1. Classify segment 2-71 as rounded, prolate or oblate from the Cα gyration tensor: take a ≥ b ≥ c as the square roots of its eigenvalues, call it rounded if a/c is under 1.5, otherwise prolate when a/b beats b/c and oblate if not.
2. Whose amide H sits under 5 Å from the amide H of Thr109, counting only residues 5 or more places off or on another chain, with H placed in the peptide plane?
3. With a Förster radius of 45 Å, plug the Cβ-Cβ distance of Ala46 and Arg101 into 1/(1 + (r/R0)^6) and report the FRET value to the nearest 0.05.
4. For a test of the definition: using alpha carbon positions, the gyration tensor, and the 1.5 limit on a/c, classify segment 11-120 as rounded, prolate or oblate.
Amino acid sequence: MATAAPETTQTVRAQAKYVRTSARKARVVLEHIRGRSVPEARTVLAFTPRAVAVEIEKVLRSAVANAEANHGLIGDELVVSEAYADEGPTIKRWRPRARGRASKIMKRTCHITLKLAATERTSAAPKAPAAAPAEATQEPPAEEKPKRRSKAREKQAEEVTA
């Protein structure tokens, strides 16, 4: 029994470590770009009001640069296949409170990882179209329905002709 070999697609990875935001906040933005093409993801990040979107944009630019420089891929034809944020180390600080007490301040960090994959157009060679007669592939043009006039326009047309 011979099984078909799984088709391998080229993936490129970029990571930003110790980003000064919580992983929870980064995951909210990463959900919006997961599965989108690179130009579409850039547009989404440009119009996202959250501060972490700037950091994610830097990681996306780095991943595209890695793909173009190291693998010879075209950046605009890539898709964000994976996007996730892992928790990094938490910086702990103390804030003085009333009556000699102190409260903890947790300054969280995260590691943002993006993986880009080549689409079918870039990874596979372009297929030649099958030879077929020209008449068989062309469909007859669809008949257009006449546009419906509003009643006001119909009255104007009647007045002009009368």
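Since every read-out is calculated from the coordinates, none of them should be taken as a lab result. All figures in this text were calculated on a predicted structure; none of them were measured in a lab. Cβ sites come from the backbone with ideal geometry, for glycine too, and all protein chains shown count toward neighbours.
1. prolate
2. It is Gly88, Ile91, by chain and number.
3. 0.50
4. In terms of gyration-tensor shape, prolate.
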